[in-house]
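Below is one structure; the comments refer to it alone.
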Amino acid sequence: MLNHQQIVGEIDATNEKYCEGCFVKAQLRKDRGKQAAHQFCIETCTVGEQLRFLGQELLKVYDKPTRK
């Protein structure tokens, strides 16, 4: 299982590699606005699917009970 820093690093790396400079995102943002572009990325894009998975993994790390 990945730890918090590994997951956040993976999210950052994925976003930097695939999302920054994405033509589809830029074109949708231009044609239909920021919200429509964001919705496409979250619901349709395979990179968005990977980011959602990593977000769920991050939540699992936070949901672990801590020992006192």
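The values are calculated or read from the model by the stated rules, or taken from the named source; none is laboratory data. This one's a predicted model, so the numbers in the text were calculated from it and none came from an experiment. Every residue, glycine among them, receives a Cβ derived from its backbone with ideal geometry; neighbour counts consider all protein chains shown.
At-a-glance table
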quantity: Output for segment 18-51, where each listed residue is of a type in the set (A, V, I, L, M) and at pLDDT below 95; calculated: Ile42
quantity: Residue that is farthest from the chain's Cα centre (by Cα), among those in segment 1-49 that are in a loop (DSSP other than H, G, I, E, B) and surrounded by 15 or more Cβ atoms within 10 Å (Cβ to Cβ); calculated: Cys22
quantity: Verdict on Thr44 being of a type in the set (Val, Ile, Thr) and touching a helix residue (DSSP H, G or I) at 6+ places or on another chain (Cβ under 7 Å); calculated: no
quantity: Residue check for Ile7: in contact with an Asp or Glu (Cβ under 7 Å, 6 or more places away or on another chain) and in contact (Cβ under 8 Å) with a residue 12 or more places away in the chain; calculated: yes
quantity: Leu58 vs. criteria aliphatic (A, V, I, L, M), under 10 Å from the mean Cα position of the chain (by Cα) and either part of a helix (DSSP H, G or I) or surrounded by 11 or more Cβ atoms within 10 Å (Cβ to Cβ) (or both); calculated: no
